[in-house]
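These notes concern the structure reproduced below.
The values are calculated or read from the model by the stated rules, or taken from the named source; none is laboratory data. Keep in mind that what you see is a predicted model, and the values were worked out from it rather than measured. Don't worry about glycine lacking a Cβ; one is built from the backbone with ideal geometry, like all the others, and counts go over all protein chains shown.
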Amino acid sequence: MNNNKRALLHLSLIPSIGPSVVEKIVQHVPETFDFYGAGIQDFAQCGITEKVAQLIVNGLSNDELIDAELYVMEKHGISWITLYDDLYPSQLKTIHLPPIVLYYQGNPVWETHNGVSLVGARKANYYGKNAVKKIVPGLIAHNLYVASGGAYGIDTCAHKETLDAGGATVVVLGSGLLRVYPVENTKMFQKIIQQGGAIISSFPCMAPGLPGNFPARNRIIAGLTHMTVVVQAAQKSGSLITAQYALEQGKSVGAIPGSIDDPLSAGCHSLLSQGAKVVTCAEDILEEYHLAKERKSVQMEIPYSADLLEDPVLFACRQPRGFEELVQITKMEENRLKEYLFDLQLEGIVEQNFAGLWQKV
């Protein structure tokens with residue numbers, strides 16, 4: 001093992017020594033710097049206080065600290081990379097003060113694939129889960145992986161739908177890899193690894209899932225990919241924090257609109273009012289990756305003739321449309337159109353998608 005790589009892992013394990021301190025040191029020392037032979041003054045010259053330098057010297061002299069970590073990693077098949085390794089996620093490297101060390105189990109899918117971060121409410125309802133179900137297959141079909149936080153609700157739904165679509169997904173934990181949270185998702189995490197995805201963490205292997213860990217976890221979720229999409233979020237939620245991190249990192253942010261009466265859509269609508277991209281289908285996300293096919297412009301008025309199609313409603317519903325748009329196109333009286341759409345829905349001929357738009361089945 002490279003001695004400096006070992007030293008970086010060792011530094012990350014020392015209490016009160018965060019990425020900002022390690023970055024200062026790395027920027028000021030040559031590649032041949034002897035971390036284990038350096039004294040307080042050597043570290044203090046890197047722009048840190050003597051008190052912090054003392055903590056570092058004391059921590060690096062404690063071999064038990066790193067030996068115990070290396071032992072459990074080897075025992076449980078846990079890999080680790082530092083910020084200065086080629087395998088470190090390239091998107092994450094670009095953010096301010098990325099984590100110095102990442103622990104992972106599974107396949108480093110970020111090395112060969114682009115990813116999308118999908119986050120949302122823990123108490124997600126049918127609307128949000130259905131939105132994920134409709135969007136994810138299109139992402140997987142274009143070889144993107146899906147990243148999320150492994151929590152209940154939208155996170156779990158995003159991971160499961162990715163697995164069902166045959167894709168790879170990455171779980172970013174707010175705990176160590178040997179203290180996964182939530183425990184109830186352990187089997188899902190194992191399946192993710194088996195199917196070519198990964199679970200990752202910036203916390204030591206045995207670190208518990210403390211509340212203070214989750215902002216750091218959310219920051220990694222946002223930094224790991226080019227775009228973060230919020231599916232459902234209340235006005236005050238961790239998902240909005242993740243979106244804010246993405247904005248601060250210069251990443252793209254999208255949000256799925258919902259009902260104006262649903263508190264779980266309030267956060268998404270707030271993001272949309274601030275300029276987030278409206279996401280109603282996979283293509284809206286794929287456009288950000290230059291993977292979507294060119295869209296044809298939609299005309300509000302569609303000429304109708306009996307020899308083209310005997311039913312103007314079905315013709316209009318060949319692509320998703322709102323009720324008011326259908327009124328304009330078909331020229332039908334509103335109540336009559338409502339009844340007719342209801343009948344067609346009962347017969348399984350048309351359906352409303354997660355955005356409330358009518359479309360032909």
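Quick notes
- Odd one out for Tyr145 among (1) in contact with a strand residue (DSSP E or B) (Cβ under 8 Å, 6 or more places away or on another chain); (2) in contact (Cβ under 8 Å) with a residue 24 or more places away in the chain; (3) buried (at least 18 other Cβ atoms within 10 Å of the Cβ); (4) closer than 16 Å to Phe203 by Cα: (4)
- Of all the listed residues (Ala233, Ala207), the sole one being within 19 Å of the chain's Cα centre (by Cα) and either modelled with pLDDT under 90 or aliphatic (A, V, I, L, M) (or both) is Ala233.
- Residues that are acidic (Asp, Glu), surrounded by 15 or more Cβ atoms within 10 Å (Cβ to Cβ) and touching a residue at least 60 places away in the same chain (Cβ under 8 Å) do occur in region 69-92, at least one of them.
- Unique match (being in contact with a His (Cβ under 7 Å, 6 or more places away or on another chain) and small (Gly, Ala, Ser)) among Gly47, Gly39: Gly47
- Residue in region 189-219 that is nearest to Thr162 (Cα to Cα), counting only those that are touching a residue at least 40 places away in the same chain (Cβ under 8 Å) and assigned to a helix (DSSP H, G or I): Ile192
- Residue that is surrounded by the most Cβ atoms within 10 Å (Cβ to Cβ) [pool: residues in region 166-188 that are among the aliphatic types (A, V, I, L, M) and free of Cβ contacts under 8 Å to residues at least 60 places away in the same chain]: Val171
- For region 233-279, filtering for residues that are in contact (Cβ under 8 Å) with a residue 24 or more places away in the chain, assigned to a helix (DSSP H, G or I), of a type in the set (S, T, N, Q) and under 29 Å from Ser90 (Cβ atoms) leaves 2.
- Some residue of region 205-214 being within 21 Å of Leu87 (Cα to Cα) and assigned by TED's automatic domain parsing to the domain that holds Ala121: yes
- Checking Lys191 against (1) surrounded by 17 or more Cβ atoms within 10 Å (Cβ to Cβ); (2) farther than 28 Å from Cys268 by Cα, the condition it does not meet: (1)
- Here is the figure for region 164-191: residues that are more than 15 Å from the chain's Cα centre (by Cα) and either more than 14 Å from Ile221 (Cα to Cα) or β-branched (Val, Ile, Thr) (or both) total 19.
Conditions (1) surrounded by 11 or more Cβ atoms within 10 Å (Cβ to Cβ); (2) without any contact (Cβ under 8 Å) to a residue 60 or more places away in the chain; (3) in contact with a strand residue (DSSP E or B) (Cβ under 7 Å, 6 or more places away or on another chain); (4) not charged (D, E, K, R), marked per residue:
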{"residue": "Ala7", "(1), (2), (3), (4)": "yes, yes, no, yes"}
{"residue": "Leu11", "(1), (2), (3), (4)": "yes, no, no, yes"}
{"residue": "Ser16", "(1), (2), (3), (4)": "no, yes, no, yes"}
{"residue": "Pro19", "(1), (2), (3), (4)": "yes, no, no, yes"}
{"residue": "Pro30", "(1), (2), (3), (4)": "no, yes, no, yes"}
{"residue": "Phe35", "(1), (2), (3), (4)": "yes, yes, no, yes"}
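- Flag for Gln244 being surrounded by 19 or more Cβ atoms within 10 Å (Cβ to Cβ) and more than 23 Å from Tyr103 (Cα to Cα): no
- Enumeration of residues in region 57-84 that are within 16 Å of Pro108 (Cβ to Cβ) and of a type in the set (Phe, Trp, Tyr): Trp80, Tyr84
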